Amino acid sequence: MRVMQRALVFRKSPIVIVRNFIALQFASAGLYMLAGSLVYYARIWRAQPLIGTIPFELAQAVFVFFAEVALILYIFFSWHRQTVRVSGGQLIYDQGILVRSHTAVPFARIATVSFTQSVLGRLARYGTIVVRDASGALLVRLSSMSEPQEFVDLLTERKGIRTDEDTEPLRLVTEAEHEQLERKSTLRWDLRAGSVNKALEKAALKTVAAFMNTKGGNLLLGVDDEGQAVGVHHDIATLARKDVDGFENHFSNLLAAMVGPSFRQFVTLRSFTYNEKACMLVAVAPADRPVYLRDQEGEEFFIRTGNGTTSLKMSEANAYISTRFSS
């Protein structure tokens, strides 16, 4: 990657102008029609001694014209004055027209940066950028940013921030399990019973949900507690599509069913080979909202405590959520 030393300025996608204009058009038109159903504009206008001689239709057209111009100018300058700069070892976010809001985040506080895109966002090349500190707390959330991948690349170049792709699986297999690392021999194949065990799938998803609710982390599948290679070939053999893509599809389906499809954006799957056996790294980013694990027994809330996964009672979960997700 190239390293750029000059300051760069990023703005929200111009599609924000169109989106906001349409939204305000509907809102203003609705309010005007609602007020019109309660007040007879023409009668009030004609009752005025001086301006009442001007045709109401003309006055209404002039009013709508200037209101539209004011609306367009407001939306444009609101967009134009929202800037994100990467300069002088800081991420600087400015917004506001008359009253300016200034937020500066030193690179030293930034631990992770990621982005998400909707279907429209991928087509129009904009997305939401999330910047967090080492504890997983939200520092800055930038919605509707143009070219989010370019922004993330630039920031990671400047800061040297670790991304999911930088995580080396072969380094992780030698580490002891901790708050942000866990290993599991298989996803669904019970090595002792020699059959599929749905409880193993739930255990893996518990860990993923706990990572999202805490600081994020890495789940190694196909590696046992001692760091020995087991491989995920046992799991793959039980699937309709018997390859790595089939494994990833099955994992995504499990995540959608037990956690929710909207949380897939926080999970990255990466296959790797360890001692000639196919294994899987599940890299999990901290979520921006509480994550619950669902099954036939109901919903549960999990967090990571040390090198284990802990279920919280609802009262405990509420207290934890109010602190962890307060931003």
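The values are calculated or read from the model by the stated rules, or taken from the named source; none is laboratory data. Here the structure is a predicted model, which is why all the values come from computation and not from measurement. All Cβ positions, even for glycine, are placed from backbone atoms using ideal geometry, and neighbour counts span all protein chains on display.
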(message) So, Ser262, is that one among the hydroxyl-bearing types (Ser, Thr, Tyr) and farther than 19 Å from Phe325 by Cα or not?
(response) no
(request) Go through the range 268-327 residue by residue and tally those that are among the charged types (D, E, K, R), part of a loop (DSSP other than H, G, I, E, B) and closer than 25 Å to Arg132 by Cβ. (result) 2
(request) Name the residue, out of Thr268, Thr310, Thr323, that is modelled with pLDDT of 90 or more, out of contact with any Pro (no Cβ under 6 Å at 6 or more places or on another chain) and of a type in the set (Val, Ile, Thr). (result) Thr310
(message) Tally up the residues in the range 172-186 that are crowded, with 16+ Cβ neighbours inside 10 Å and either outside any loop (DSSP other than H, G, I, E, B) or in contact with a Phe, Trp or Tyr (Cβ under 8 Å, 6 or more places away or on another chain) (or both), please.
(response) 7
(request) Could you grab me the full set of residues in the range 208-230 that are charged (D, E, K, R) and either outside any loop (DSSP other than H, G, I, E, B) or over 12 Å from Glu177 (Cβ atoms) (or both)? (result) Lys215
(message) Any residue in the range 53-76 that is in contact (Cβ under 8 Å) with a residue 40 or more places away in the chain and within 14 Å of Asn20 (Cβ to Cβ) sitting within a Cβ distance under 6 Å of a residue that is assigned to a helix (DSSP H, G or I) and aromatic (Phe, Trp, Tyr)? List the pairs, counting only those 6 or more apart or interchain.
(response) Ile75/Phe21
(message) Please go through (1) closer than 18 Å to Glu276 by Cβ; (2) surrounded by fewer than 19 Cβ atoms within 10 Å (Cβ to Cβ) for Leu221 and return the number of the only condition it doesn't satisfy.
(response) (2)
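Determine whether the range 85-106 contains at least one residue that is in a helix (DSSP H, G or I) and closer than 29 Å to Ile22 by Cα.
Our first condition is that a residue be in a helix (DSSP H, G or I); within the range 85-106, this holds for none.
No - not one qualifying residue is present in the range 85-106.
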(message) Quick check on the range 281-294. Is at least one of its residues without any contact (Cβ under 8 Å) to a residue 40 or more places away in the chain, hydroxyl-bearing (Ser, Thr, Tyr) and either more than 27 Å from Val113 (Cβ to Cβ) or not assigned by TED's automatic domain parsing to the domain that holds Ala137 (or both)?
(response) no
(message) Name the residue that is surrounded by the fewest Cβ atoms within 10 Å (Cβ to Cβ), counting only residues in the range 231-264 that are in contact (Cβ under 8 Å) with a residue 40 or more places away in the chain and part of a loop (DSSP other than H, G, I, E, B).
(response) Thr238
(message) Being of a type in the set (S, T, N, Q) and touching a residue at least 60 places away in the same chain (Cβ under 8 Å): is that true of Thr268 here?
(response) yes
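So which of Val84, Val69, Val99 is at pLDDT 75 or above and surrounded by 11 or more Cβ atoms within 10 Å (Cβ to Cβ)?
Details: Val69 fails: surrounded by 11 or more Cβ atoms within 10 Å (Cβ to Cβ); Val99 fails: surrounded by 11 or more Cβ atoms within 10 Å (Cβ to Cβ).
Within the list Val84, Val69, Val99, the selection yields Val84.
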